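All remarks here apply to the structure that follows.
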Amino acid sequence: MLKIKNLKVEVDDKVIIDGLDLEIPKNEIHVLMGPNGAGKSSICRTILKDPRYRITRGEITFNKEDIKDYTTNEVAKMGIFLLMQNPVDIPGVTNAEMLRTALVERGVKESIFEFNKRLTESCANLGIDKDFIHRNINEYMSGGERKKNELLQINVLKPSFIILDELDSGLDVDGLKSLSNGLLAYKEKMKASFLIITHHTNILEYLHPDKVYILNGGKIVATGNEKLAYSVEKIGYKGAFSISE
Amino acid sequence: MNDKDLNRIVVSGGIIDWDKYMNAAHLIIKGDTVINAINLHNDLNLKIKIEKGKSLVINMFDYAVSLDVALVIEADENSNFVINSSFISDVKYTLNIDTIAYGDNTFGEVNIRGINERNSVIRIVMNGTVAGKTKNCVLNEYAHVLNKSNNSNVIIPNLIVNTNEVEANHGVTVGQIDEEKLFYLLSKGISRPVAAKIIEEGFLLSIMPDDIHEKIKNILVGR
């Protein structure tokens, strides 16, 4: 599904990722952990082709297609979804308006009635108030509501590869559990893959990873299974780095 | 224009949709009133007096080549007013809003959102006066312009407060489209020009009441 090979990325001529290799097959959950400034969020932005993140070496392929010349919206249309740490608010623009536009851009042809029906059903399935769809994007929403909103978008746009950037940020225990269950149900249904970016293991109680990577200085310094994540929680990142050395 | 040149009109209240030329008038607001002035395409010169205890909301939207709008609002005691003005300017847009609170317990707010579409000249002057010896008055002035050209925009938010017991605020920005908001929509699979258009229109609609959004969106369809 997603393959990253010998990746080097620069922002404003500063190297932030150097020599990164990753391979995430279909229907798997992979986790990228690392201390602040390790380059975790930079990887999200690079995959989503944020123009500030310049790929100077290596390649990223999605379903065997090199995304080098693709733009952010094209990568999203291929099926990659980024659930951001702090989704921004857009005053004056409703969720329904944004989702309908995103579907039209994907070539989906459905009447406004079909669209509304589908959106209402998605809200009901996710236990989200249907008024949500007519609220402005993330405006006056709590951290938990913003993440729920993203879950709704996932269920409507149906991506096959989902990046969760610090999902637990701004979420309480119940919120994290509820959201994780929603994502797990989506994975079961769509056989989607996940790349989870996190500092902590909280989320791994619900979304059990197939593989865990530890990132430092823009490259992977340790790889393992779920146990690696829990060891890091115990011994800290410095301890994990010394083991990998 | 002198006061004697203005047509005196008494407004007893309600929701009024202006869809025709309305200029050079002196409005006396005697009941709670909402005025929606959508895309009138004409210069506006209005003097408005809000009588004791009454409220006035004006929602103005214009997508225009060149306009000159001047409002003078006088608020008597216990009265409220909110002026919302959104516009897209193609060549020249001049907006002068003078507000005078001369009674106690007034609330006034001016919200302006403008887009400088292509090398337009925008000039916004807000003169908010709170008269001496008044008490418990609130006056806010906000103006934000999205600049899509290299031209300069002038926004002057004046607050002239002649009393101590008052809450007065002003906020002004001139900037370009927020790259984070743009990236957010791009990451949902929306192309750059469409995403920019959505954000810009949301910016204009954000100060307008929901019930007139459709009307404004219909005007912007061909943009």
Does residue B:119 qualify as being closer than 25 Å to residue B:29 by Cα and surrounded by fewer than 21 Cβ atoms within 10 Å (Cβ to Cβ)?
no
Going by what's in this entry, would residue B:166 be described as more than 14 Å from chain A (Cβ to nearest Cβ) and touching a Cys at 6+ places or on another chain (Cβ under 7 Å)?
yes
For the stretch A:34-63, what are the residues that are in a helix (DSSP H, G or I) and either of a type outside the set (A, V, I, L, M, F, W, C) or more than 19 Å from the chain's Cα centre (by Cα) (or both)?
A:40, A:41, A:42, A:45, A:46
Here's a check for you: in the stretch A:134-144, which residue that is out of contact with any strand residue (DSSP E or B) (no Cβ under 7 Å at 6 or more places or on another chain) and not in a loop (DSSP other than H, G, I, E, B) is nearest to the other protein chains (Cβ to nearest Cβ)?
A:143
From B:110, B:161, which residue is more than 13 Å from chain A (Cβ to nearest Cβ), in contact with a strand residue (DSSP E or B) (Cβ under 8 Å, 6 or more places away or on another chain), of a type outside the set (Phe, Trp, Tyr) and farther than 25 Å from residue B:59 by Cα?
B:161
Taking residue B:181 as meeting all but one of (1) at the interface with chain A (Cβ under 9 Å from one of its Cβ atoms); (2) of a type outside the set (A, V, I, L, M); (3) not in a helix (DSSP H, G or I), write down the number of the exception.
(3)
Counting only residues that are out of contact with any helix residue (DSSP H, G or I) (no Cβ under 6 Å at 6 or more places or on another chain) and among the acidic types (Asp, Glu), which one in the stretch A:167-206 is farthest from residue A:128 (Cα to Cα)?
A:205
Do we have residue A:69 as touching a strand residue (DSSP E or B) at 6+ places or on another chain (Cβ under 9 Å) and either modelled with pLDDT of 95 or more or under 20 Å from residue B:187 (Cα atoms) (or both) here?
no
Output for the stretch B:186-215, where each listed residue is facing chain A (nearest Cβ under 8 Å), in a helix (DSSP H, G or I) and either basic (Lys, Arg) or at positive phi (or both)
B:192
Is it true that some residue in the stretch A:46-60 is touching a residue at least 60 places away in the same chain (Cβ under 8 Å), of a type outside the set (A, V, I, L, M) and more than 9 Å from chain B (Cβ to nearest Cβ)?
no
When you go through B:182, B:159, B:95, B:139 one by one, which is the residue that is hydrophobic (A, V, I, L, M, F, W, C) and in contact with a helix residue (DSSP H, G or I) (Cβ under 8 Å, 6 or more places away or on another chain)?
B:182
With the condition kept exactly as written, say whether any residue in the stretch B:130-144 is within 30 Å of residue A:76 (Cβ to Cβ), within 14 Å of another protein chain (Cβ to nearest Cβ) and exposed (fewer than 15 other Cβ atoms within 10 Å of the Cβ).
no
If you go through the stretch B:74-86, how many residues are surrounded by 23 or more Cβ atoms within 10 Å (Cβ to Cβ) and out of contact with any Lys or Arg (no Cβ under 8 Å at 6 or more places or on another chain)?
3
When you scan the stretch A:223-231, do you find a residue that is within 21 Å of residue A:5 (Cα to Cα) and surrounded by 21 or more Cβ atoms within 10 Å (Cβ to Cβ), even just one?
no
Which condition from (1) on the phi > 0 side of the Ramachandran plot; (2) out of contact with any strand residue (DSSP E or B) (no Cβ under 6 Å at 6 or more places or on another chain); (3) in contact (Cβ under 8 Å) with a residue 12 or more places away in the chain; (4) among the small types (Gly, Ala, Ser) is the one that residue A:107 breaks?
(3)
Counting only residues that are of a type outside the set (Val, Ile, Thr) and not in a loop (DSSP other than H, G, I, E, B), which one in the stretch A:155-172 is nearest to residue A:1 (Cα to Cα)?
A:161
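The values are calculated or read from the model by the stated rules, or taken from the named source; none is laboratory data. Because the structure is predicted, anything quoted here is derived from the model rather than measured. Positions of Cβ are generated from backbone atoms using ideal geometry, with glycine treated the same way; all protein chains shown enter the neighbour counts.
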